[in-house]
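To start, the structure itself, in structure tokens.
Read-outs: derived from the displayed coordinates by stated rules, not from any lab. Since the model is a prediction, treat every value here as computed from it, not as a measurement. Neighbour counts are summed over all protein chains in view; Cβ atoms, including those assigned to glycine, are modelled from backbone coordinates with ideal geometry.
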Amino acid sequence: MKKYIWIFVLILIGFALVCNINSTPKVSGGLMGSDSTKKINNSESDGFEIKKSEEEWKQILTPEQYRVLREKGTERAFTGKFYKNHETGIYVCAACGNELFSSETKYESGSGWPSYWEPVSENSVKLLEDTSYGMIRTEVVCGKCGSHLGHVFDDGPQPTGKRYCINSISLDFKKDSTK
Ligand code: FE
């Protein structure tokens, strides 16, 4: 009889363990939820008006443009074609032509990359959390095609206090011929 009681107790313990294991995913459900939130914030995700396969991007862009725009690379400071550009006009996405920054908001940040204190409109760029290289930064991507442009920092001039630090190679420039 004693033997049967022990078997019963062991079965009970077994049940308790199984229930515990089953409840573990429920607890981490919250964590999984935050993972999926991160996924939404990922520039590779859908939700951009212009969608192309990486093969298609490779055909449109030069290898260096592809490295920066699609692989989130960074051009070397003081080497880009626009950091010293003072002409009046609009800077557009080199990948899709989306209007991004006006020369009116461009300023000398001394960083070696073209810097702006504001994009042309709220939807022209999208901001994503970037935790690469052990830093927490805010990545700036094109609002239409999701291509990588640069990062935004809080050490810019007024009226916004923002510094949109953008790779020249991610940009094209449309000169305002009326000025
Ligand atoms: Fe774009």
| If we scan region 137-145, do we find a residue that is touching a residue at least 40 places away in the same chain (Cβ under 8 Å) and loosely packed, with under 14 Cβ neighbours inside 10 Å? | no
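Those residues that are away from the ligand (no atom under 11 Å from the Cβ) and under 12 Å from L127 (Cα atoms), I need them from region 141-159; list them, please.
Taking region 141-159 and keeping what is away from the ligand (no atom under 11 Å from the Cβ), we get 150-159.
Once the filter is applied, which keeps residues that are away from the ligand (no atom under 11 Å from the Cβ) and under 12 Å from L127 (Cα atoms), region 141-159 yields G150, H151, V152, F153.
For region 80-98, give me each residue that is in contact (Cβ under 8 Å) with a residue 40 or more places away in the chain and either away from the ligand (no atom under 16 Å from the Cβ) or touching a Phe, Trp or Tyr at 6+ places or on another chain (Cβ under 8 Å) (or both).
Initial filter on region 80-98 (in contact (Cβ under 8 Å) with a residue 40 or more places away in the chain): 80-83, 85, 87-98.
If the condition is that a residue be in contact (Cβ under 8 Å) with a residue 40 or more places away in the chain and either away from the ligand (no atom under 16 Å from the Cβ) or touching a Phe, Trp or Tyr at 6+ places or on another chain (Cβ under 8 Å) (or both), then G80, K81, F82, Y83, N85, E87, T88, G89, I90, Y91, V92, A95 are the ones that fit.
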| query | How many of the residues making up region 61-78 are more than 16 Å from the ligand (Cβ to nearest atom) and hydroxyl-bearing (S, T, Y)? | reply | 1
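Do we find a residue being farther than 22 Å from E71 by Cα and away from the ligand (no atom under 16 Å from the Cβ) anywhere in region 124-131? Lay out the reasoning, then the answer.
Looking only at region 124-131, we keep the residues that are farther than 22 Å from E71 by Cα, and these are none.
Within region 124-131 (the criterion being farther than 22 Å from E71 by Cα and away from the ligand (no atom under 16 Å from the Cβ)), the answer is no, since none of the residues qualifies.
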| request: Name every residue in region 99-113 that is surrounded by 19 or more Cβ atoms within 10 Å (Cβ to Cβ) and within 16 Å of the ligand (Cβ to nearest atom), in order of residue number. | output: L100, F101
